[in-house]
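Note sheet for the following structure.
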Amino acid sequence: MRISVISAAVCCAVFSVNSVHAASLTIEQRLAILEAKVNNAEREAKEAKLQTQRAEARAAHAEQQLQQLTARTTASEHKIQETAQLAKSSPLDGVEFNAYARSGLLINNHGKGGRGGPGVSPASSLNGDAHVGRLGNEKRQLSGVKSGQKNDFRRWVMGTF
């Protein structure tokens, strides 16, 4: 490393001032300054130790929270897997019950019984010209009940009984 003339002059000036200043102090003054520096260093060391202890306490608390969250997450994942297994085991198994009832009322313009059948619609009362299906205008009452059990036999095979 090259030292320039200016940096050498600055170093000489600084060190000469310190040596002149140190030479003018008595031993007791120098010991008092040294003792103040030692006390300052001890105080800073205590503060650093306290900060380290606080940081360690925060780290221990954060680690404990992490363990709790990990345990909670693991439990949640286990429950999700159990639920998924249950959903996969029988998604379509079960009992099915259906019921249907229908009653028709046939009244003509005079308030008396009218003609009926599957070809009668609100659009026309003539048989055959407005056949739209069963709209509840049949002469009889219909009802039906259907019950069954569905089973899923894996591999996309289903049975209804």
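Values quoted throughout were computed directly from the atomic coordinates according to the rules given, and no laboratory measurement underlies them. Since we're looking at a predicted model, the values are computed, not measured. Every residue, glycine among them, receives a Cβ derived from its backbone with ideal geometry; neighbour counts consider all protein chains shown.
Residue 74 to residue 52: FRET efficiency via 1/(1 + (r/R0)^6), r the Cβ-Cβ distance, R0 41 Å, to the nearest 0.05?
The calculated FRET efficiency here is 0.80.
Mind listing which trypsin sites (Lys or Arg not before Pro) in the range 18-79 are in a DSSP loop and have 12 or fewer other Cβ atoms within 10 Å? Could you put the intermediate results ahead of the total?
Working: sites: 30, 37, 43, 46, 49, 54, 58, 72, 79; in loops: none.
When the trypsin sites (Lys or Arg not before Pro) of the range 18-79 are filtered for loop state and at most 12 Cβ neighbours within 10 Å, nothing remains.
At 0.36 nm per residue, minus the direct Cα-Cα distance, what do residue 83 and residue 25 gain on full extension? Give it in nm, one decimal, please.
Going from the current span to full extension adds 12.5 nm.
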